Structure formats: structure tokens, C-alpha cells
Amino acid sequence: MHEERYQQRQQHLKQQVEERVAAATKSGGIIMVFTGNGKGKSTAAFGTATRAVGHDMRVGALQFIKGDWECGERNLLERNGVEFHIMATGFTWDTQDKAADTQAARLVWEQGVRMLSDPGYHLVVLDELTYMLTYGYLSLDEVLAALKNRPAHQSVVITGRACHREIIALADTVSELRPVKHAFDHGIKAQKGIDW
Ligand code: ATP
Ligand code: MG
């Protein structure tokens, strides 16, 4: 009897999954957002990039980051043909010079605009983009327009905390990473190979 009920349940489950798979008939590029305060946003972004590269797809990546950080995924992906543009030079989080920061962000963003209008790119990673909008270094309207007008088959990954609601509204897949625990909170410092 137990066995029978199990089989019925599994059959029902299988049917539900099959119906959902059958209903998903569209294909094409999507916008993915990895946001929230938990660890895993950039690693998810570059994990997706690794998948695409593994299928010989062309990937471009922008990093709107602080300082000239070494970065394991950049080391690996650059060797595998991924084009990176990093804001690093001339940018620090604690600067008083908004004009210089805006300029640094715009220089990197120009490369993004180029990638987002080039059908040769299958995937464009915009790592830590959300902060550029929070600080007003890039215009929301400009970013939304570039995302909306990109080639139909091209996908985009955006990372960073506190993602603007209009970007979330536009996105197809949004995951919020929630910190349940983080090693840093109990005194473990950031480590090579884990945190960068
Ligand atoms: P990762 O690059 O490891 O996927 P992330 O992109 O989600 O992390 P960021 O906000 O970009 O996180 O922060 C980058 C650095 O801060 C990483 O070294 C990461 O391990 C660390 N970090 C992420 N979340 C937390 C947290 N909740 N508390 C402390 N440190 C964190
Ligand atoms: Mg990150």
C-alpha cells in the first residue's frame, strides 16, 4: 500500500514537471541578477561565464570593483578568451572625487555598451554594476536602454547588493543571496581561492 502511494505521488510529480517543461517553449537571451547581502553573487556570475566558455561561447566581462584586486576567475577566464574590462585604476570607494569616479565608471561602461550591441557576444557579465547606479556614476536610463536593446540571443548577468528595482523588473531570473552565516563574522579573513 505504501509502495502504491509512493508510485502515485511520483507519477503525479513527473506529470507536473513534464507539463512545465512542455510549457517552456521560448528561447533566447535572458537577464540574470544575483543580488543580496550573502556571499556567492560574483562566483555565480563567473560560474555562468565558465559554463558558456565551456560551450565555446563568446563572453565579455566588466568589473566595477574597488582597487586592482587579483581575481582567480579573471586569471582563468582571460586565458580562455574572455575579455575583461576593470574599473580598478583611478577608483577607490573612499574618494572624495566624484568626477574622477564617474569618469572611471563611464570608461568601463563604454565597453559594456559596445558588448551589449555586438551580436558576437553570447554572454556579458556586469559584475558589481548595482553600485554604479546607487552612487549615480552611471545613468539608470542609459543602462536600461542598453539592456533592452541588446541582441535577442544575448544573455547578461548583473551582480551587486541592493539592485535597482527597475533592473529587477526587467530581469528574467533574479536570485537573492541571503547571509545565513559568513566566516568573516567569526574572525576568518578573506582567502585566496575562496574570496578572490
Ligand atoms: P563572491 O565574490 O565570493 O561570490 P559576492 O560577490 O557575493 O562574493 P561581494 O559583496 O561582491 O560578494 O563582496 C566581495 C567580497 O566580500 C568577497 O570576498 C566575499 O567573500 C566577501 N563577502 C560577501 N558577502 C559577505 C558577507 N555577508 N560578510 C562578509 N564578507 C562577505
Ligand atoms: Mg561580488
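The values are calculated or read from the model by the stated rules, or taken from the named source; none is laboratory data. These numbers were taken from a predicted model, which means no experiment stands behind them. Ideal geometry is used to build each Cβ from the backbone, glycine not excepted, and the neighbour counts take in all protein chains shown.
Worth pointing out:
- Filter result for the condition that a residue is crowded, with 18+ Cβ neighbours inside 10 Å and modelled with pLDDT under 95, over 64, 46: 64
- Qualifying residue in region 126-145 (condition: more than 16 Å from ligand 1 (Cβ to nearest atom) and within 16 Å of the chain's Cα centre (by Cα)): yes
- Looking only at region 53-83, and only at residues there that are under 13 Å from the mean Cα position of the chain (by Cα) and of a type in the set (Gly, Ala, Ser), the one that is farthest from ligand 1 (Cβ to nearest atom): 60
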